[in-house]
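One structure is given here, and the rest of the page talks about it.
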Amino acid sequence: MKRNSFKLFRCSCVECKVRRIALVLLLTLSFITGGCAQEYKLRGTPYNPVIPAPPIQGIKQDNTPFDLADLQGRVKVVFFGYTFCPDVCPLTLANMKGVYEMLKEEERAQTAFIFVTVDPERDTPERLAAYVGAFNPAFYGVYIPENELERVKKEYGVYAEKNTTVASQSAADYLVDHTAFVYVIDKQNNLREIFAHDAPKADIAADISYLARQ
């Protein structure tokens, strides 16, 4: 009787070991697959919920038509500024140049950097070509007529108004007070997030890389 009991106990022990091994393997597999399935967290301020990007249509720096919808299938990085800007705009474009250089070649091919002027009175397509091209010839410089620009500004939540209080005597010499956000639009033309103009290049590049893979 004792011998049979011993055999039963030994059999139960082996069974327990098998169960423990199976449990460890199951937990390990769950940990691995759970880690792989972790959702990527965007590093900017996300749109929640995601919304379709409002239309942007205008003239490129080479005097050909520009339409944001034509860039579907590419990640779009949009900034509103003007060429006479003394500080924020050149700093932002320099930052975007740095972001571009951090991307892999295939990611650059799937990304469009777009500078939209909020000063159509002075920023002709020719001036945009010289200004934007000095930072990166691959970037778009976009001119939008004043009446259409008002609609675009409103839909993107952009503030931009002339400030003549610090201008010189010349009526053509004025500054434009404006918001300075970088908008990131995914391949499906949805607004995904915004960054401050001086956000870390590595953060913007990481998000572009993620969206380029989607």
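The values are calculated or read from the model by the stated rules, or taken from the named source; none is laboratory data. Predicted model, so just to flag it, every value in this text is computed and none were measured. Ideal geometry is used to build each Cβ from the backbone, glycine not excepted, and the neighbour counts take in all protein chains shown.
Some notes on this structure:
- Output for the stretch 124-159, where each listed residue is assigned to a loop (DSSP other than H, G, I, E, B) and not aromatic (Phe, Trp, Tyr): THR124, ASN136, PRO137, ALA138, ILE144, PRO145, GLY157, VAL158
- Residue check, TYR159 in contact with a Ser or Thr (Cβ under 6 Å, 6 or more places away or on another chain), under 21 Å from ASN63 (Cα atoms) and aromatic (Phe, Trp, Tyr): no
- Assessment of the stretch 96-109 against the conditions (assigned by TED's automatic domain parsing to the domain that holds GLY81 and under 20 Å from ASP67 (Cβ atoms)) yields at least one matching residue.
- Checking each residue in the stretch 50-61 for being loosely packed, with under 13 Cβ neighbours inside 10 Å and more than 20 Å from LYS154 (Cβ to Cβ) picks out no residue at all.
- Of all residues in the stretch 51-110 being under 26 Å from ASP173 (Cα atoms) and of a type in the set (Asp, Glu), the one that is nearest to the chain's Cα centre (by Cα): ASP87
- Here ARG192 passes the criteria (1) more than 19 Å from LEU211 (Cα to Cα); (2) crowded, with 18+ Cβ neighbours inside 10 Å; (3) basic (Lys, Arg) except the one numbered (1).
- Among the residues making up the stretch 83-123, those that are assigned to a loop (DSSP other than H, G, I, E, B) and buried (at least 16 other Cβ atoms within 10 Å of the Cβ) are THR83, PHE84, CYS85, LEU103, GLN110, VAL118, ASP119, PRO120, ASP123.
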